Amino acid sequence: MVSFYPGPSRIYSKVPLYLKDAYAQGIMSINHRSDDFVAISKKTVALLKEKLNIPKSYSVYFLSSATECWEVIAQSLIEKESVHLFNGAFGERWFQYTKKLKPHVKSLPFNREEKLIAEKLIFSRSEIICLTQNETSNGTQVSNANIQSIKKNNPNSLIAVDATSSMGGLALDFSSADIWFASVQKCFGLPAGLGLLICSPTAVDRARTINNKHYYNSLVFMDDMMKHWQTTYTPNVLGIYLLMRVMESVNAIDRIDKTITGRFKKWETFFDKKSDQLSLFIKNKDVRSRTVLAIEATPAVVEKVKSKAKKAGIILGEGYDNLKSSTFRIANFPAIQRKEIAILMDFLYDYI
Ligand SMILES: *Cc1c(COP(=O)(O)O)cnc(C)c1O
């Protein structure tokens, strides 16, 4: 089976090997306060910074999921008000979760075909501006340039970016925002169960000023522990180890981004030129996601393609939520191999 599901997704082929090493080396039983763990944690953070181009001054924290990051941001970094810009299900869910903890948050939904106009997005009162860089549910993305402009126009707000389905696959400009997060079952090509939260020094200072200490995962506690390369609770040590091994082996992000973008262009051409029955769901080229493609068809065709694909050993992503019957999704994540993409293209060519 080859999975094109946009999370949990295809893992890197070497993961079983790393798993075996972890077992042989006793990683699955090491204590999370031990020197052995500290060495793994420290090295993983260093590799993430090096390979993904994260500024040295930023802090990296290990959490359990992107959803947990939503909650940590809400409890530790927002005193009263944030604003959530979203055009799809994940961005909206982030807003809804935040609202449960901070009732004064604002939302600014926008059309999925629309590019954000930074000049119109000035928020004088919002402590944090929340953006979903890659909206996995509908296959749209916000560009680095857009995030940079939003930050420039809102010097007093922190910018928080959900990059769950792009971090590890695209060259993100980390310096253009204060808070970034992802989980590893998407572009990092790993099994689920580990989240990454990345904060600028300004974001950490803000957490210190707010000084919320009500939760086991309050950012100030996590920051205190991470000064010693540790976590507030027993973390997913195996997940961190696997991440370390993957980050050791992958190319620098600029190269990965080039590959992903090249593959994305091929998919664009494929759907624009070769198919009558299938088309890219997002028509505006400027906002199309490069890592998650949403494909639109009639419900009958969507059903047929998904079930025939399954019989051929190919797992396609279901359409998300209310897009389930009218779309399916194709992950364009780095762990997917070129020959697998060729197999899927052949398959789609034959069955439509
Ligand atoms: C998958 C996803 C999430 C949720 O990730 P979890 O690891 O399940 O918490 C959040 N945001 C986006 C954009 C996603 O794609």
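Please treat every number below as a calculation from the coordinates, not as lab data. What you see is a predicted model, and the numbers here were worked out from it, not measured in a lab. Don't worry about glycine lacking a Cβ; one is built from the backbone with ideal geometry, like all the others, and counts go over all protein chains shown.
Note on the chain: with a GNM built from Cα contacts shorter than 10 Å, the maximum mean-square fluctuation among Arg245, Arg288, Arg93 falls on Arg93. Ordered by the number of other Cβ atoms lying within 10 Å of each residue's own Cβ, fewest first, Tyr233, Tyr5, Tyr61 fall into the sequence Tyr233, Tyr5, Tyr61. For Thr259 and Lys99, a Förster radius of 45 Å and the Cβ-Cβ distance give a FRET efficiency of 0.70, rounded to the nearest 0.05. Bridge orientation summary for the chain: considering DSSP beta bridges with both residues in this region, about 55 percent are antiparallel. Scalar couplings 3J(HN,Hα) for region 226-239, obtained by applying the Karplus form with A = 6.51, B = -1.76, C = 1.60 to θ = phi - 60°, are 6, 4, 10, 6, 10, 10, 6, 9, 5, x, 6, 4, 4, x Hz; x denotes Gly and Pro. Put simply, region 179-293 fits an ellipsoid with semi-axes of 37, 18, 13 Å; these come from the alpha carbon gyration tensor as the roots of five times its eigenvalues, largest first.
Near Ala66: Cβ cut-off under 12 Å, other residues only, Lys/Arg at +1 and Asp/Glu at -1. The net charge is -1. In this structure, the pairs whose alpha-carbon distance is over 32 Å, taken from Lys227/Lys258; Lys102/Lys186; Lys152/Lys227, are Lys227/Lys258. Sequence-ordered 3J(HN,Hα) estimates for region 91-108 from the Karplus curve with 6.51, -1.76 and 1.60 and θ = phi - 60° stand at x, 5, 5, 4, 4, 4, 5, 4, 4, 5, 8, 10, x, 8, 5, 10, 10, 9 Hz, glycine and proline given as x.
Extent of region 247-288 along its three principal axes (Cα atoms, max minus min coordinate, largest first): 42, 19, 12 Å. By the Stokes-Einstein formula, at 1.002 mPa s and 20 °C, region 3-79 with its Kirkwood radius over alpha-carbon pairs has D equal to 139 µm²/s.
Look at the Cα gyration tensor of region 110-208: its axes a ≥ b ≥ c give a/c of at least 1.5 with a/b at or below b/c, and that counts as oblate. Name the shape class, rounded, prolate or oblate, that the alpha-carbon gyration tensor gives for region 284-342, where a ≥ b ≥ c are the square roots of its eigenvalues, rounded holds for a/c under 1.5, and otherwise prolate holds if a/b is larger than b/c and oblate otherwise. Here region 284-342 falls in the oblate category. Its residues counted as N, region 239-352 yields a C-alpha radius of gyration over 2.2 N^0.38 Å of 1.14.
Values of log10 I(q)/I(0) for region 164-215 across q = 0.12, 0.31 Å⁻¹ run -0.35, -1.13, by the Debye formula with one identical scatterer at each alpha carbon and no solvent.
At 1.567 mPa s and 4 °C, plugging the Kirkwood radius over alpha-carbon pairs of the chain into Stokes-Einstein gives what diffusion coefficient in µm²/s? Rounded, D is 62 µm²/s. Peptides 169-177, 152-160, 193-201, 43-51 ranked from most to least packed, by the mean per-residue count of other Cβ atoms within 10 Å: 193-201, 169-177, 43-51, 152-160.
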